Every structure is written in C-alpha cells, then in structure tokens.
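Student: Here it is, the structure, as structure tokens.
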Amino acid sequence: MIKALTIFTGNANRDLAESICKTVEVRPGAAEVTTFADGEIFVEINENVRGVNCFVVQSTCAPVNQNLMELLIVIDALKRASAGSIIAVVPYFGYARQDRKVKPRTPISAKLVADLITAAGADRVVTVDLHAGQIQGFFDVPVDHLFAMPVMIDYLRQHHGKDSVLVSPDAGGVERARAYSKRLGAGLAIIDKRREKANVSEVMNIIGDVRGKDAIIVDDIVDTAGTLTNAAKAIIEAGARTVSACATHGVLSGPALKRIEESPLTELIVTDTIPLREEAKASKKIKQLSVARLLGEAIKRIHHGDSISSLFI
C-alpha cells in the first residue's frame, strides 16, 4: 500500500516549492511557519500527516541560520505528528564549503549541519550539486545527490553553438566541466590560478585552447563573483570570442552583481535553488532556470520506490 504524499515548505524558497507541487500534482502541505516578536520560530502543521510521506522543501540560503532553523523545526513538528517518513529536500545546502579543516582549531560545519538535520528526524535528504560530493557521507541517513546538469545542458544546446569550449575555473571543477563538454561535444579548458604571495593578485593561466571560441565557465556556486569575473577577463585576454558562465547556486552576495555587470561576461545562468534578489532579476546578464521538474521527478520516484540515478544516464 502506497502512503500518501505531501510537500511542505518553510519561507526560504516558496516559489520553487509551489512549482514542485505543480509538477508532482499535489497541493502544498498546510503548515504555518512564523516568527515570534523575539525571533523564535513557530511551526504548526495544519493537516493530518500520520503515516504520510512528507517532503520538506527548504534551501538553507540567506538568511542561512533562520532558514536552517525553520527546516529543523518543521522536521521536528512532522516527527511529533507521526509522519510516515520525512524527506528533507534541500536544493542548496548551506555550510557546504566548510567541509574540512582548512587550518587548526576550525570547525567542520557541514558535518554539524548534517548531524542536526538527522537528529531533527529526517529519514532521507535530497540535495542538488553539493560543493563537495563527499558531504553525502556526513549524513547517517540516505542522501540523493541530484545534478542540475540536465537543466543546464538543455539550455546550452539551444543557445550556444558547437564552437564552444567549457572552462573549469579551477582544478577542483575539472570533472564537472568534462561532463558538460562530453555531453555538448565541445572542447575543454582549465584555469590554473596561482598567488605568488599574500596580497598579490592571482596569476591565471589558461590550459587549453579558447582562441576564437565561445567560452562557457562551469561552476557550482557563484558567491561574490570575484573568481568568476577574474576568470572571464583572463579568458577574453586569451583570445576567446565571448565568455559566459553557468552555476547551479546563485548566492550572489556582496559586490557580486556590480562585478558581473562590469565584467566581460555576456550571460550568467543560474537555477532557482536560491531565489534571486530583485536587483538580480532585473539584470539583463542573469538568466535563471528552474529545477522544479527535476526535483518533482525525484520526489515522485522516491515516493514510488523507483530509481533516481536513471535521471542522469
């Protein structure tokens, strides 16, 4: 007997949650997620969830700690309401960049957040393009790690010609860029960044041929856009005809928008794992694609016990 399915959400990304509900063809779960005058979060589930498969859609984007606490409290409310299973759908997993100790006496915050989600009562986690794949191992529950690549590839095929080259902004992103270049039948280049000494600008060397081609930088996160815009300048100086970029998570904090507008980038493609600020929506250089269908299909497959990996074959 298949249990009922309900999709709840906090306040982090209600538009995405509603789009997912339309894809899955269910109404959004009835829940009240509000804040008391002193900042405490209050959650009330306003429907029967006993024995129901409950999905909670909540990105832990800015304000990160507020959205994280909303996620934890919604999960706890569902657990205490005897939900059949609780699946945390976290399109953007905050704290993912703190996945190791970079110097002595620093935390591994990604592991701490994973423990919090598990302790709150989540039975499974669904996320998109983790900053480091090994974060899946930080959880003591199953993790379905999805990729925004199919969404990006569809757009790139329609809007970029075969005379393109995919560029990894650093050595760590080569595997991602290679996967894109393989599916698009395009070339591959890598940016080698070196900082000779403290407070001296990075030297960027391009490994691969970008001359006369349309370069597409591929990354998982764009935060302040410093690395991205410097890479774009280096690619243009190396003789590329145009340079654009795609990144799953458009954090776009601080001076990011100003840097993007002043850069040689013709276009930055992001997804709606993080809602865009109004200024970003108004930018002619920023294009947002939706991962609602991808997440909706994953939710349906989890609910029916079907394969998730076949989505990316």
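We did not get these values from a lab; they are worked out from the coordinates using the rules stated. Keep in mind that this is a model prediction, so the values were computed, not measured. Virtual Cβ from ideal backbone geometry, glycine too; neighbours counted across all protein chains shown.
Student: Multiply the residue separation of residue 11 and residue 276 by 0.36 nm, subtract the distance between their alpha-carbon atoms, and state the gained length in nm to one decimal.
Tutor: Extra length available between residue 11 and residue 276 comes to 94.0 nm.
Student: Could you work out which residue, out of 120, 37, 179, moves most in a Gaussian network model of the chain, that is, has the largest mean-square fluctuation with Cα springs under 10 Å?
Tutor: Between 120, 37, 179, it is 37 that shows the largest mean-square fluctuation.
Student: Taking just the C-alpha trace of region 10-151, give me its Rg and Dmax in Å.
Tutor: When restricted to Cα atoms, region 10-151 yields Rg and Dmax of 15.2, 49 Å.
Student: Given the convex hull of the Cα atoms of region 98-191, what is a quarter of its surface area in nm²?
Tutor: Values: hull surface 30.5 nm².
Average of the hull's projected areas for region 98-191 equals 7.6 nm².
Student: Taking a virtual spin label 7 Å from the Cα of residue 266 along the C-beta vector, which residues in region 220-244 bring their backbone nitrogen under 13 Å of it?
Tutor: 236, 240-244
Student: Over all distinct alpha-carbon pairs, what is the Kirkwood Rh of region 234-313 in angstrom?
Tutor: It is 14.8 Å.
Student: Restricting attention to the alpha-carbon atoms of region 33-82, what are Rg (one decimal) and Dmax (integer), both in Å?
Tutor: Considering region 33-82 through its Cα atoms, Rg and Dmax are 11.6, 34 Å.
Student: Taking the 0 to 90 degree range and rounding to the nearest ten, how far is the long axis of helix 292-304 tilted relative to the main principal axis of the chain, both from C-alpha atoms?
Tutor: 40
Student: Averaged over all directions, how much area does the convex hull of the C-alpha atoms of region 205-252 cover when projected, in nm²?
Tutor: 3.1
Student: So, one more: When the chain is treated as a GNM, springs tying every alpha-carbon pair under 10 Å, which of 147, 138, 36 comes out with the largest mean-square fluctuation?
Tutor: Most flexible of the set in this elastic network: 36.
Student: While we're here: If you fit an axis through the alpha-carbon atoms of helix 149-159 and take the longest principal axis of the Cα set of the chain, what angle between them do you get, 0 to 90°, nearest 10?
Tutor: Its long axis makes an angle of about 50 degrees.
Student: Still on this structure, I have one more. Would you please state the base-10 log of I(q)/I(0) at q = 0.07, 0.10, 0.14 1/Å for the chain, with intensities from the Debye formula using one equal scatterer on every alpha carbon?
Tutor: Each listed q maps to, in turn, -0.29, -0.59, -1.09.
Student: Quick one: Karplus J couplings for region 29-40, per residue in order, coefficients 6.51, -1.76, 1.60, θ = phi - 60°, nearest Hz, x for Gly and Pro?
Tutor: These are the phi-based 3J(HN,Hα) values: x, 7, 8, 10, 10, 10, 10, 6, 4, 8, x, 5 Hz.
Student: Over 24 Å between Cα atoms: which of 213/287; 193/213; 111/233; 79/101; 101/281; 103/233 fall into that group?
Tutor: Values: 213/287 21 Å; 193/213 21 Å; 111/233 36 Å; 79/101 33 Å; 101/281 36 Å; 103/233 31 Å.
Beyond 24 Å between Cα atoms: 111/233; 79/101; 101/281; 103/233.
Student: How big is the charge dipole of the chain about its Cα centre, in debye rounded to the nearest 20, if each Lys and Arg gets +1 on its Cβ and each Asp and Glu gets -1 on its Cβ?
Tutor: Computed about the Cα centre, the dipole is about 760 debye.
Student: Now a separate question. Given 25 °C and 0.890 mPa s, compute D for region 167-313 with the Stokes-Einstein relation, Rh being the Kirkwood radius over Cα pairs; round to the nearest whole µm²/s.
Tutor: Values: Rh = 16.5 Å.
The Stokes-Einstein estimate is 149 µm²/s.
Student: Related question: Based on the alpha-carbon set only, what is the convex hull volume of region 62-131 divided per residue, in Å³?
Tutor: Numbers: hull volume 5.9 nm³, N = 70.
So the per-residue hull volume is 85 Å³.
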